[in-house]
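Working notes for the structure below.
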Amino acid sequence: MKIVTGNDLKTGDVIWWTGKGWSRHYGEAVDVVDAADTVIASESAAQRVNAAYAVDAEASPNGPLPLHIKDRVRAAGPTVRADLGINPAVPIVKG
Amino acid sequence: MYQYDQYDQAIVDARVEEFRDQVKRRLAGEITEDQFKPLRLMNGLYLQLHAYMLRVAIPYGTLSGKQMRMLGHIARKYDRDYGHFTTRQNLQYNWIKLEDTPDILADLASVEMHAIQTSGNCIRNISSDQYAGAAADEVADPRPWAELLRQWSTFHPEFSYLPRKFKIAVIASEEDRAAMRLHDIGIELVRRDGVLGARVFVGGGMGRTPMIAPEIAEFVKADDLLSYVEACLRVYNRYGRRDNAYKARIKILIHELGADEYRRQVADEFAHVKTLGIDPPLAELERITAYFAPPAYEQGISDDIDRSDPDFALWLDQNVKAHKQPGYAIVNISLKPIGGIPGDATSDQIDLMAELAEKYGFDELRVTHAQNIVLPHVAKRDLYAIWQALDAAGLANANLDLVSDIIACPGLDYCSLANARSIPVAQKIAERFADLDRQRDIGELKLKISGCINACGHHHAGHIGILGVDKKGIENYQLTLGGSGAEDTSIGKIIGPGFDEDGIVDAVERAIEKYREVRTPGERFLDTYRRVGADVFKGAIYG
Ligand code: HEM
Ligand code: SF4
């Protein structure tokens, strides 16, 4: 599946496209199937997101989980500062 | 320390207001990200893996207590209560909000600081020796020259769109504490027959194609230095490649032209530039130099130190260095606690270091390229009080230049360009070697880790270097041995196939144990490696 992520324009927070808006929790992301470009174009134009891009994801107990390690670190927050992450329980390393 | 004159302050203040307006327009949707991105980067504001990241310039790594306090204040008020000191002697904040940035820049400007030219293809913050003005072995204080270069390069119209970024280092002693020859231009001040001048090295760098800068001029008179550097840049600006970012650094130009041809072209250009009157009049140079006059040292104070506290004595031996002034010493504050994040300091720690500088250190601090902090001028009688205060704040790590004094870039925990995480590897290695006796037995060992080939963590220059690579989506680590960023500059060599995170820690330990086995008395890891060669280590590491 494909999910869309980016950063909040004002705060820089990592955000995920929920189908209706943006969430700071990756698990609330929705599969955009083949609509990534449309979402990115309209949301960027509306200044609601910065540097948006689509990533491959897989289903997990907590909702869609990005496949690539870089996006997992974005979902988790810095792995060396669990106190700062908003989703520190994200499994980073694929086993 | 240098203090802004009215021009310095006016241009920095004007830039803050300009950026305030740009941010306002961006947030109102009047300009797009494509239009805004180059503007924010000119003010040090990146968009990184988790958030906006602000890189603050610390000119030649020198700070006053007030400036350091402001860094702590910003971390506390606008970020998440910490900052990251970098190998470029700068500071990065990892969690900055766009809407706060104009206020942050205004706060910085109020203490004569900014984030200008910390990004982009311009001349970046000048780096220098963290012991400048304190080291016994310097032929002159490099800071006035670094300051002169700072003023010359700030908003230099001709050099604001170079083919690629440009980094300059200035040192003034044979011992190189600033990785001078791994800069685009490395300047070593020297005296010849009593005349001050400089050896000029051009075309060094790390990144994807590491190169040691060849010597382009064996002696440029100090009076000609600015014109000479201008000529070096002009030749690069004209002929450096703009078609391919990977080939755009000056090191590639010099490699392709050859040092001799580049030197010839610079000489031609210099003959012309010298007629333009770029070099400062003596009065201006004296004005700048006056700011770096030695502090008011007390004369005739004792060199004796009470070493009865054993932990203090260990720190003294490892982290405190000789000062040129009798009765004084140079204090190194290691930002490398075992299991910590190299270069990170909390707001409270930043405040404490500022306070110690104000109270005991003539109000001066330095940031080192090894991501540590220095109090350059401290009376020996105050060392114990300083150590106690540092110790209470978790800052008395007695590991300077030892295996746990690791340089690590932010890596995949923070950086969007990364292939792999650097910080957890640094933490695991430090924990493996936590025993200070073992570290001291191993002796000087510079271990440096980068999370990708850009080499922000100087891995090429590590006695032991670690480079994170992406192996089919899994973090993997290559081991290099034999690098050095000191006066015996060398580039480390990849020793064999890579490792996973635990494997790399074991490999480092095997290499170090091999060194302990085969070293001769007085040899550092690097010396042994150079003497016995890579194969001995390869055998030990791969079995
Ligand atoms: C997290 C944001 C960062 C980004 C996006 C970034 C990007 C880069 C890039 C693209 C290069 C290679 C440039 C080239 O060869 O043309 C580079 C080199 C370098 N960076 Fe960074 N970097 C970052 C953070 C840092 C940090 C935190 C440090 C210090 C710890 C640092 C210090 C350096 C150094 C020393 C080099 C090598 C200089 C050379 O090639 O001569 N950078 N960086
Ligand atoms: S070396 Fe790579 S991973 Fe590390 S900070 Fe530089 S660009 Fe990022």
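The values are calculated or read from the model by the stated rules, or taken from the named source; none is laboratory data. What you see is a predicted model, and the numbers here were worked out from it, not measured in a lab. Backbone-built Cβ (ideal geometry, glycine too); neighbour counts: all protein chains shown. To get the accessible areas, we keep the full protein, side chains included, count just its heavy atoms, and leave off ligands, DNA and RNA. Shrake-Rupley method; radii C 1.70, N 1.55, O 1.52, S 1.80 Å.
Just the residues that are crowded, with 24+ Cβ neighbours inside 10 Å, among the aliphatic types (A, V, I, L, M) and within 16 Å of ligand 1 (Cβ to nearest atom), please, taken from the stretch B:124-167.
Once the filter is applied, which keeps residues that are crowded, with 24+ Cβ neighbours inside 10 Å, among the aliphatic types (A, V, I, L, M) and within 16 Å of ligand 1 (Cβ to nearest atom), the stretch B:124-167 yields only B:126.
Does residue B:479 satisfy being among the aliphatic types (A, V, I, L, M), surrounded by 17 or more Cβ atoms within 10 Å (Cβ to Cβ) and under 30 Å from residue B:172 (Cβ atoms)?
For residue B:479, the condition - among the aliphatic types (A, V, I, L, M), surrounded by 17 or more Cβ atoms within 10 Å (Cβ to Cβ) and under 30 Å from residue B:172 (Cβ atoms) - is not met.
Applying the selection to the stretch B:176-209, what residues are within 16 Å of ligand 2 (Cβ to nearest atom) and in a strand (DSSP E or B)?
B:205, the sole residue that qualifies.
May I ask you to list the residues in the stretch A:54-88 that are of a type outside the set (D, E, K, R), away from every other protein chain (no Cβ under 11 Å), in contact (Cβ under 8 Å) with a residue 24 or more places away in the chain and open to solvent by 50 Å² or more (accessible area, probe 1.4 Å)?
Matches in the stretch A:54-88: A:59, A:62.
In the set B:37, B:66, which member is at pLDDT 95 or above and within 14 Å of chain A (Cβ to nearest Cβ)? Steps first, please.
Values: B:66 fails: within 14 Å of chain A (Cβ to nearest Cβ).
Answer to the check: B:37.
Does residue B:71 satisfy the condition of being within 14 Å of chain A (Cβ to nearest Cβ) and either in contact (Cβ under 8 Å) with a residue 24 or more places away in the chain or crowded, with 21+ Cβ neighbours inside 10 Å (or both)? Break it down into steps so the answer makes sense when it comes.
Numbers: within 14 Å of chain A (Cβ to nearest Cβ): no; either in contact (Cβ under 8 Å) with a residue 24 or more places away in the chain or crowded, with 21+ Cβ neighbours inside 10 Å (or both): yes.
Answer is no for this residue.
Might you let me know whether the stretch B:474-485 holds any residue that is within 15 Å of ligand 2 (Cβ to nearest atom), away from chain A (no Cβ under 14 Å) and among the polar types (S, T, N, Q)?
Yes, the conditions are met somewhere in the stretch B:474-485.
Could you look through the stretch A:19-30, keep only residues that are in a loop (DSSP other than H, G, I, E, B) and buried (at least 16 other Cβ atoms within 10 Å of the Cβ), and pick out the one that is farthest from the other protein chains (Cβ to nearest Cβ)?
Only one residue fits best here, namely A:30.
State which residue pairs qualify: first residue more than 10 Å from chain A (Cβ to nearest Cβ) and inside the stretch B:404-427, second residue hydroxyl-bearing (Ser, Thr, Tyr) and more than 8 Å from ligand 2 (Cβ to nearest atom) in any location, beta carbons under 9 Å apart, and separation of 6 or more residues or different chains.
B:404/B:334; B:405/B:334; B:407/B:87; B:409/B:86; B:409/B:87; B:425/B:477
In the stretch B:90-107, is there at least one residue being within 16 Å of ligand 2 (Cβ to nearest atom), surrounded by 24 or more Cβ atoms within 10 Å (Cβ to Cβ) and modelled with pLDDT under 95?
no
Please verify whether the stretch B:56-63 includes one or more residues that are open to solvent by 30 Å² or more (accessible area, probe 1.4 Å) and within 14 Å of chain A (Cβ to nearest Cβ).
No, because not a single residue in the stretch B:56-63 is open to solvent by 30 Å² or more (accessible area, probe 1.4 Å) and within 14 Å of chain A (Cβ to nearest Cβ).
State whether the residues of the stretch B:438-457 include one that is within 14 Å of another protein chain (Cβ to nearest Cβ), away from ligand 1 (no atom under 13 Å from the Cβ) and free of Cβ contacts under 8 Å to residues at least 12 places away in the same chain.
No: the stretch B:438-457 contains no residue that is within 14 Å of another protein chain (Cβ to nearest Cβ), away from ligand 1 (no atom under 13 Å from the Cβ) and free of Cβ contacts under 8 Å to residues at least 12 places away in the same chain.
Can you find, within the stretch B:230-246, the residue that is most open to solvent (accessible area, probe 1.4 Å) among those that are farther than 22 Å from residue B:279 by Cβ and away from ligand 2 (no atom under 16 Å from the Cβ)? Step through it out loud before you land on a result.
Going residue by residue through the stretch B:230-246, those that are farther than 22 Å from residue B:279 by Cβ are B:239-246.
When the remaining residues are screened for being away from ligand 2 (no atom under 16 Å from the Cβ), the result is B:239-244.
Values: B:239: 119, B:240: 9, B:241: 77, B:242: 136, B:243: 115, B:244: 45 Å².
Among residues in the stretch B:230-246 that are farther than 22 Å from residue B:279 by Cβ and away from ligand 2 (no atom under 16 Å from the Cβ), the one most open to solvent (accessible area, probe 1.4 Å) is B:242.
Only residues that are within 14 Å of another protein chain (Cβ to nearest Cβ) and in contact with a Lys or Arg (Cβ under 6 Å, 6 or more places away or on another chain): list them for the stretch B:325-346, please.
Scanning the stretch B:325-346 gives a single hit, B:342.
Hey, which of the helices (runs of 4 or more DSSP H) in the stretch B:247-298, taking only ones fully inside, have at least 3 residues that are open to solvent by less than 40 Å² (accessible area, probe 1.4 Å) and either within 16 Å of ligand 1 (Cβ to nearest atom) or modelled with pLDDT of 95 or more (or both)? Before you say what the answer is, go through the steps one by one.
Working: elements: B:250-257, B:259-273, B:282-290.
Per the criteria, B:250-257, B:259-273.
If I ask for residues that are away from ligand 1 (no atom under 16 Å from the Cβ) and surrounded by 24 or more Cβ atoms within 10 Å (Cβ to Cβ), which ones from the stretch B:198-219 would you list?
The answer is B:198, and nothing else.
Condition (residue is in a strand (DSSP E or B) and not acidic (Asp, Glu)) applied to the stretch B:499-513: is it met by at least one residue?
yes
The conditions are (1) under 28 Å from residue B:409 (Cβ atoms); (2) open to solvent by less than 10 Å² (accessible area, probe 1.4 Å); (3) not hydrophobic (A, V, I, L, M, F, W, C), and residue B:227 fails exactly one of them. Which is it?
For residue B:227, the exception is condition (1).
Which condition number does residue A:48 fail, the rest of (1) within 14 Å of another protein chain (Cβ to nearest Cβ); (2) under 21 Å from residue B:414 (Cα atoms); (3) in a loop (DSSP other than H, G, I, E, B) being met?
Among (1) within 14 Å of another protein chain (Cβ to nearest Cβ); (2) under 21 Å from residue B:414 (Cα atoms); (3) in a loop (DSSP other than H, G, I, E, B), residue A:48 violates only (2).
Run residue B:336 past the list (1) open to solvent by 40 Å² or more (accessible area, probe 1.4 Å); (2) in contact (Cβ under 8 Å) with a residue 12 or more places away in the chain; (3) among the charged types (D, E, K, R); (4) not in a helix (DSSP H, G or I) and report the number of the one that doesn't hold.
Failing condition for residue B:336: (1).
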